[in-house]
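Asker: One structure follows; several queries about it will come next.
The values are calculated or read from the model by the stated rules, or taken from the named source; none is laboratory data. All of these numbers come straight from a predicted model, not from anything done at the bench. Here the Cβ positions follow ideal geometry from the backbone for every residue, glycine too, while neighbour counts run over all protein chains shown.
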Amino acid sequence: MRISKRVDQIEPSGIRAFFDLVLGMKGVISLGVGEPDFVTPWNVRARAIESIEQGFTSYTSNKGMLELRRGITASLKERHRMAYDPEEEILITVGVSEALDLAMRAILNPGEKILIPEPCYVAYGPVVQLAGGEAVFLKTSVETGFKVTPQQIDEAAGVGVRGILLGYPSNPTGASYTKKELEAIAHVIKKHDMLVISDELYDELTYDFKHTPIATLAGMRDRVVYLNGFSKSYAMTGFRVGYACGPADIIGAMTKIHQHTMLCASITGQMAAVEALKNSAGDVQAMKKEYDRRRRFIVGALNDIGMTCHMPQGAFYVFPSVEVTGESAMDFAKNLLLKQKVALVPGDAFGRSCSQYVRISYASSYDNLKEAVLRIEKYLKKK
Amino acid sequence: MSKTKSSPSTTVRALIEVSITPQKDVGFDNIAERIYSYPQVKSCYLLSGGYDLLVIVEGDSILMVADFVAAKLSSMANVRQTATHFLLRKYKEEGKVFKHSKGEQRQNISY
């Protein structure tokens, strides 16, 4: 069957076969999961159940429930001193994934380019391509903590470059940016009159400094589409609720696409999200504290057994090198899975420059992490 | 919030309701002392209600706890009756919540 060129150009994931191998195995300790191991806080689950019992099963406004948009406005104001009009500048989406897609489709004309620091989340490239744009990957390295530098952006910017897709804290590296680092990036962005699509889904899981949304920096608000959601901070991945904030014209354009393709996010998820904003701030902090404990353990333990691992500043991932094994990340991941039943994700999934790294998720219990490190050590010793 | 799964423990714990005939002048104190002096007794409370002492016992196996109840506790003078409840699952203790696996509901791997 003939498939559209736009879809056909999306390269199939080279690690799909590895994923299938993992999914087919039992008794695996998995450090390959990209979602929290915590269950959604009970009050949030209870509100979702209650809302169904009360008969809230209809569509909502295309933009999402006004109560939720108002809640987001209040939350952003309190946490980051951001100011978005809930009527015109916020759109509730089906997770940040949809928001990313909408943002790209709203801003890109055919052939326009989006800069993407690599390693990056797997969907970043495809959403740009599916919107008719061209993804330009900027390779980062462990030397800069997997952070893109202002110089890299400056050199890549120019004619046809519409903007940059920045995800921080990063999936897969956990890298994040200080306010000072962001100010230097913002300077270049303004110089080249670029937009920023800023995926800050893991913002609440920033450990070593306070998270700074790039939209809050001087002169940036009107050139940033700020994306966030409830999946990671509130352990609500299955509820599929995200949101986009930005200038009214871009949000309006995104809403136009959203109303014809998605109509609205699930009312149950939106009801649950309202409850999360109202009453689950304490849960977020408790989860963050536990993730931080695990982060310190896993980085120390991996370095102790010879796998060089930088200390990430956020999210719940580390991105160690497999150089010590003498294997490619893919071979290491396969062999570790087959011999020691530990699953992790080969870096290849996150960019062509990442075949010497693996992503380890510490969204797994402390006991699991300890056992996994023992098994990795055993594997390394037997080599 | 829901916490992660606690580490597995092999210790067996039982809550034992103990009915006692109180002694003249000292009431329950002496018999309570005799009971709580056993090292396997981790807690001992005098309660109002249908029985007198709530005794929390730990052992390495069900047999060890059962032996303690049969050989030491039940046979003690002034102990009229015991009812032993073995702890099956710990949901919350001292403010700490224990999440019990309903089976890993996440997929083994995801982006």
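Asker: Do we have A:Val322 as on the phi < 0 side of the Ramachandran plot and within 11 Å of chain B (Cβ to nearest Cβ) here?
Answerer: Working: on the phi < 0 side of the Ramachandran plot: yes; within 11 Å of chain B (Cβ to nearest Cβ): no.
For A:Val322, the condition - on the phi < 0 side of the Ramachandran plot and within 11 Å of chain B (Cβ to nearest Cβ) - is not met.
Asker: Here is a further query. Restricting attention to the stretch A:57-88, and to residues there that are in contact with a Pro (Cβ under 9 Å, 6 or more places away or on another chain), without any contact (Cβ under 8 Å) to a residue 40 or more places away in the chain and not basic (Lys, Arg), which single residue is surrounded by the most Cβ atoms within 10 Å (Cβ to Cβ)?
Answerer: Residue satisfying both the conditions and the ranking: A:Thr73.
Asker: Only one of these is farther than 23 Å from A:Leu205 by Cβ, modelled with pLDDT under 95 and not assigned by TED's automatic domain parsing to the domain that holds A:Tyr121: A:Asp348, A:Asp367, A:Asp304. Name it.
Answerer: Testing whether each residue is farther than 23 Å from A:Leu205 by Cβ, modelled with pLDDT under 95 and not assigned by TED's automatic domain parsing to the domain that holds A:Tyr121 leaves just A:Asp348.
Asker: Go through B:Lys42, B:Lys72, B:Lys96, B:Lys90 for me and flag whichever is more than 30 Å from A:Arg359 (Cβ to Cβ), among the charged types (D, E, K, R) and within 14 Å of chain A (Cβ to nearest Cβ).
Answerer: Exactly one residue qualifies, and that residue is B:Lys96.
Asker: Looking at (1) within 14 Å of another protein chain (Cβ to nearest Cβ); (2) at pLDDT 95 or above, find the lone condition where A:Ile72 falls short.
Answerer: It is condition (1) that A:Ile72 fails.
Asker: Failed condition for B:Ala77, given (1) touching a Phe, Trp or Tyr at 6+ places or on another chain (Cβ under 9 Å); (2) assigned to a loop (DSSP other than H, G, I, E, B); (3) not basic (Lys, Arg), with all others met?
Answerer: Every condition holds for B:Ala77 apart from (1).
Asker: Tell me, which residue of the stretch A:171-202 that is among the small types (Gly, Ala, Ser) and not in a loop (DSSP other than H, G, I, E, B) is nearest to A:Glu35 (Cα to Cα)?
Answerer: Here the answer is A:Ser198.
Asker: With the condition kept exactly as written, say whether any residue in the stretch A:46-59 is within 13 Å of another protein chain (Cβ to nearest Cβ) and more than 30 Å from A:Gln340 (Cβ to Cβ).
Answerer: Yes, the stretch A:46-59 contains a residue that is within 13 Å of another protein chain (Cβ to nearest Cβ) and more than 30 Å from A:Gln340 (Cβ to Cβ).
Asker: Further question on the same structure: When the residues of the stretch B:1-14 are narrowed to those that are surrounded by fewer than 15 Cβ atoms within 10 Å (Cβ to Cβ) and more than 9 Å from every other protein chain (Cβ to nearest Cβ), which ends up modelled with the lowest pLDDT?
Answerer: Here the residue is B:Ser9.
Asker: Which condition from (1) in contact with a Ser or Thr (Cβ under 6 Å, 6 or more places away or on another chain); (2) within 24 Å of A:Ala253 (Cα to Cα) is the one that A:Ala48 breaks?
Answerer: Checking A:Ala48 against (1) in contact with a Ser or Thr (Cβ under 6 Å, 6 or more places away or on another chain); (2) within 24 Å of A:Ala253 (Cα to Cα), the one that fails is (2).
Asker: Here are some conditions: (1) in a loop (DSSP other than H, G, I, E, B); (2) modelled with pLDDT under 95. A:Cys264 meets all but one. Which one does it not meet?
Answerer: Status for A:Cys264: all satisfied but (2).
Asker: Report yes if some residue within the stretch B:52-64 is exposed (fewer than 14 other Cβ atoms within 10 Å of the Cβ), closer than 16 Å to B:Thr84 by Cβ, within 16 Å of the chain's Cα centre (by Cα) and free of Cβ contacts under 8 Å to residues at least 12 places away in the same chain; otherwise report no.
Answerer: Yes, the stretch B:52-64 contains at least one residue that is exposed (fewer than 14 other Cβ atoms within 10 Å of the Cβ), closer than 16 Å to B:Thr84 by Cβ, within 16 Å of the chain's Cα centre (by Cα) and free of Cβ contacts under 8 Å to residues at least 12 places away in the same chain.
Asker: If you take the residues of the stretch A:142-169 that are more than 14 Å from chain B (Cβ to nearest Cβ) and in a strand (DSSP E or B), which of them is farthest from A:Ser353 (Cα to Cα)?
Answerer: Per the criteria, the residue is A:Arg162.
Asker: For B:Val41, state whether it is surrounded by fewer than 16 Cβ atoms within 10 Å (Cβ to Cβ) and among the aliphatic types (A, V, I, L, M).
Answerer: Spelling it out, it is not the case that B:Val41 is surrounded by fewer than 16 Cβ atoms within 10 Å (Cβ to Cβ) and among the aliphatic types (A, V, I, L, M).
Asker: Continuing with this model, one more query. Write out, first by first residue and then by second, each pair whose Cβ atoms fall under 7 Å of each other, whose residues are 6+ apart or on separate chains, and whose first residue, in the stretch A:121-140, is more than 16 Å from A:Gly160 (Cα to Cα) and within 14 Å of chain B (Cβ to nearest Cβ) while the second is among the aliphatic types (A, V, I, L, M) and in a loop (DSSP other than H, G, I, E, B).
Answerer: A:Pro126/A:Ile10
Asker: Look at the stretch A:344-383 and say how many of its residues are part of a helix (DSSP H, G or I) and within 14 Å of chain B (Cβ to nearest Cβ). Lay out the reasoning, then the answer.
Answerer: Step one: of the stretch A:344-383, the residues part of a helix (DSSP H, G or I) are A:347-350, A:352-354, A:366-382.
Imposing the further condition that a residue be within 14 Å of chain B (Cβ to nearest Cβ) reduces the set to A:347-350, A:354, A:366-372.
Matching residues across the stretch A:344-383 total 12.
Asker: Continuing with this model, one more query. Quick one: how many residues across the stretch A:267-284 are assigned to a helix (DSSP H, G or I), buried (at least 18 other Cβ atoms within 10 Å of the Cβ) and at pLDDT below 95?
Answerer: The qualifying residues number 2.
Asker: So, one more: Any chance the stretch A:32-41 includes a residue that's within 13 Å of chain B (Cβ to nearest Cβ), aliphatic (A, V, I, L, M), within 24 Å of A:Arg240 (Cα to Cα) and in contact (Cβ under 8 Å) with a residue 40 or more places away in the chain?
Answerer: Yes, the stretch A:32-41 contains at least one residue that is within 13 Å of chain B (Cβ to nearest Cβ), aliphatic (A, V, I, L, M), within 24 Å of A:Arg240 (Cα to Cα) and in contact (Cβ under 8 Å) with a residue 40 or more places away in the chain.
Asker: If we keep just the residues of the stretch A:7-35 that are among the charged types (D, E, K, R) and either in contact with a helix residue (DSSP H, G or I) (Cβ under 6 Å, 6 or more places away or on another chain) or in a loop (DSSP other than H, G, I, E, B) (or both), which is farthest from A:Lys370 (Cα to Cα)?
Answerer: First pass over the stretch A:7-35, keeping only residues among the charged types (D, E, K, R): A:8, A:11, A:16, A:20, A:26, A:35.
Restricting the remaining residues to those that are either in contact with a helix residue (DSSP H, G or I) (Cβ under 6 Å, 6 or more places away or on another chain) or in a loop (DSSP other than H, G, I, E, B) (or both) gives A:11, A:26, A:35.
Working: A:Glu11: 36, A:Lys26: 19, A:Glu35: 19 Å.
Among those that are among the charged types (D, E, K, R) and either in contact with a helix residue (DSSP H, G or I) (Cβ under 6 Å, 6 or more places away or on another chain) or in a loop (DSSP other than H, G, I, E, B) (or both), it is A:Glu11.
Asker: Can you report the number of residues in the stretch A:304-340 which are crowded, with 18+ Cβ neighbours inside 10 Å, part of a loop (DSSP other than H, G, I, E, B) and without any contact (Cβ under 8 Å) to a residue 60 or more places away in the chain?
Answerer: 3
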